[in-house]
Every structure is written in structure tokens, then in C-alpha cells.
1. In the list Ala60, Ala84, Ala73, which residue meets the criterion of being over 24 Å from His229 (Cβ atoms) and touching a Ser or Thr at 6+ places or on another chain (Cβ under 9 Å)?
2. Which residues, taken from segment 240-256, are of a type outside the set (Asp, Glu), surrounded by 15 or more Cβ atoms within 10 Å (Cβ to Cβ) and at pLDDT below 90?
3. Considering only helices (runs of 4 or more DSSP H) fully contained in segment 132-239, which possess at least 2 residues that are under 25 Å from Gly16 (Cβ atoms), of a type in the set (Lys, Arg) and modelled with pLDDT of 90 or more?
4. Give just the number: which of (1) within 13 Å of the chain's Cα centre (by Cα); (2) basic (Lys, Arg); (3) more than 25 Å from Asp227 (Cα to Cα) does Lys161 not satisfy?
5. Determine whether Pro120 is part of a helix (DSSP H, G or I), of a type outside the set (D, E, K, R), within 26 Å of Glu169 (Cα to Cα) and free of Cβ contacts under 8 Å to residues at least 40 places away in the same chain.
6. Here are some residues: Ile87, Ile142. Which one is in contact with a Lys or Arg (Cβ under 8 Å, 6 or more places away or on another chain) and under 15 Å from Ala15 (Cβ atoms)?
7. Is there a residue being of a type in the set (Ser, Thr, Tyr), within 26 Å of His229 (Cα to Cα) and surrounded by fewer than 21 Cβ atoms within 10 Å (Cβ to Cβ) anywhere in segment 96-113?
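The values are calculated or read from the model by the stated rules, or taken from the named source; none is laboratory data. On a predicted model such as this, the values are computed, not experimentally measured, just so you know. For neighbour counting, all protein chains shown are included, and Cβ atoms are generated from backbone atoms with ideal geometry for every residue, glycine included.
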Amino acid sequence: MTGRLAGQSALVTGAGRGFGRSIALRLAADGAAVTLVARSRDQLEGVADEIRAAGGRAIAAPADVTDPAQVKAACDAARAAHGAPSILVSNAGVPWPFGPVWETDIDRWWQAEAVHIRAPYLFMHELMPDMIAARRGRVICISAIATKLTLPFLSAYSVGKAALNKLVEMAAEEARPHNVQVFAVEPGFVITQLAEDTYHDPDARKWMPHMLSYLDEGRGRENGDADLHRTAKRCAVLAAGDYDILTGRYMELPDPIDEWKRMAEEDAAEKETAR
């Protein structure tokens with residue numbers, strides 16, 4: 001398949017459904033060979049079949065994204081099938097546990113943090129050395145609006161995504177001399193399967209009835225697919241290098257990204273002139 005990403009290898013976590021599925025389909029449509037990572041082999045194979053049916057290339061690499069050995073195995077599978085990934089999309093996430101900090105289950109709270117921050121760190125740790133050696137790579141982490149809001153009883157999710165934003169900022173600055181870019185993308189409020197899981201969770205119903213009312217309104221919206229496609233499109237243009245100058249940014253969709261790019265380019269030009 002030809003396209004802007006032809007010849008590139010991409011790895012997407014949480015790729016069996018929701019944002020991950022939409023992003024994987026878009027990257028493949030733009031020519032990337034995609035490695036799909038999540039726990040469910042059945043879901044991954046379904047997405048891989050969709051990509052292949054459209055003329056793209058994809059493999060399923062089931063893994064626990066918090067386990068270093070399984071992360072390495074998934075990355076090795078990507079390398080063997082498509083070459084070292086030059087695109088990483090870290091999308092895996094969980095909404096739970098719900099409740100006051102002092103009442104949530106300790107192990108479950110830290111399990112959520114492992115998905116939100118350990119997993120992207122593990123994939124960066126495994127794949128960024130290849131990107132740095134090649135002097136080409138783009139890492140895109142899916143963040144959340146919860147990092148900007150105070151949402152009581154959603155501490156694990158909010159804290160994990162906030163930490164992810166800082167990881168993106170640090171990794172972007174460290175990788176800047178090596179021509180590797182790192183971004184955080186916040187898709188906005190979109191009804192995905194993760195949101196549906198929240199809607200039906202007994203603890204969420206107990207502690208967050210206000211949010212469930214909002215979810216109820218969102219479930220009736222007709223543009224859910226459009227929201228998913230918007231996020232996938234943003235990931236695709238970042239992966240293609242259109243906005244490399246904005247590395248390290250947290251991007252909340254919709255946003256004035258072209259204006260940010262123009263301002264960043266002007267700032268860079270002024271600094272170059274002042275030298």
C-alpha cells in the first residue's frame with residue numbers, strides 16, 4: 001500500500017478497539033506496516049483482518065503492556081515482520097478504580113498506574129534506541145482531558161495521564177538532538193468502549209453519577225466515529241512529520257495546531273537570526 005507513511009513500521013498499543021483501532025487503521029491506510037498490541041488476540045486479529053482486507057500490512061502481537069518481557073517480545077515481533085518501528089502510538093489505558101483515594105484498592109490503583117505510565121515507558125525504552133540510531137522516529141501518547149480537570153473519584157486515571165504528559169515532555173527534550181519527536185494527544189470527550197465500560201461499572205455508578213449523566217448524553221451523539229477519525233488523523237499527520245517542530249507538546253483536540261506551528265517556526269527563525 002502506498003501513502004505518506006509507506007515504508008515505515010508502526011506499533012500501536014490498545015489497538016483492539018476504540019482509539020487504538022481507529023489509529024491503526026489510519027496509519028495502515030497511509031502506508032505504514034502496523035503491529036497491533038493489546039491483551040485480546042481475537043480483537044487484534046479482527047483489526048489486522050480489516051487492514052489486510054484494505055490492502056495493508058498488519059500483525060497481531062498480544063501482550064501485557066506492563067510486562068517488560070512481553071513488551072520486548074511484541075517489539076521483536078514488529079522488527080521481524082516489518083522492521084524496527086519508526087512510529088509508536090501508546091494508547092492503552094484503563095478508567096478504574098473509582099472512588100476516594102482512601103477507599104480504592106491499593107493493588108488495583110497501582111495496576112492502573114502501570115498501564116498509564118509504566119507501559120508507555122517500557123515501549124519507549126525498547127523502541128527509542130532504534131529510532132535514535134536511525135535518527136528518525138515519532139512517539140505519540142494518547143492523553144486525557146482529566147489531566148486538566150479536577151475529577152473526584154477518578155484519581156488513578158487522572159494522575160496516570162498527568163504523569164504521561166510529563167514523560168512526553170521529558171522524552172521529547174532528551175530525544176531532540178537525535179531527530180526523534182514525542183507528542184501527547186488529548187482526543188476530547190469521545191464515547192469509546194472504555195467509556196462504555198465506565199458507564200456500566202458499579203463503582204463508577206456509585207461515586208460518579210454526574211459523569212455518568214454526561215456519558216449518557218454522549219452516548220446519544222451521532223458523531224462518535226467522526227471524533228475517532230479526527231484523533232486518528234491527528235496521529236497520522238504527527239507520524240508523517242508535519243508538526244515535528246511542536247515536539248513535547250500536549251495537544252487538546254480541536255486545537256490551533258497550524259497557528260502553533262507558525263509561531264514555533266517564527267520563534268526558531270528569530271533565535272537563528274540572533275546567533
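1. Working: Ala60 fails: over 24 Å from His229 (Cβ atoms); Ala73 fails: touching a Ser or Thr at 6+ places or on another chain (Cβ under 9 Å).
One residue alone meets the criteria, Ala84.
2. Just the residues of segment 240-256 that are of a type outside the set (Asp, Glu), to begin with: 240-241, 243, 245-251, 253-254, 256.
Adding the requirement that they be surrounded by 15 or more Cβ atoms within 10 Å (Cβ to Cβ) leaves 240, 243, 245-251, 253.
Within segment 240-256, Met251, Leu253 qualify.
3. On the way: elements: 155-175, 193-200, 202-207, 209-219, 224-239.
Correct list: 224-239.
4. (3)
5. Taking the combined requirement at face value, the residue does not satisfy it.
6. Values: Ile142 fails: in contact with a Lys or Arg (Cβ under 8 Å, 6 or more places away or on another chain).
Every option except Ile87 fails the conditions.
7. No, there is no match, as no residue in segment 96-113 is of a type in the set (Ser, Thr, Tyr), within 26 Å of His229 (Cα to Cα) and surrounded by fewer than 21 Cβ atoms within 10 Å (Cβ to Cβ).
Yes or no, residue by residue, for (1) over 16 Å from Tyr157 (Cβ atoms); (2) crowded, with 17+ Cβ neighbours inside 10 Å; (3) of a type in the set (Ser, Thr, Tyr):
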| site | (1), (2), (3) |
| --- | --- |
| Val94 | no, yes, no |
| His116 | no, yes, no |
| Ala119 | no, yes, no |
| Phe123 | yes, yes, no |
| Glu126 | yes, yes, no |
| Pro129 | yes, no, no |
| Arg135 | yes, no, no |
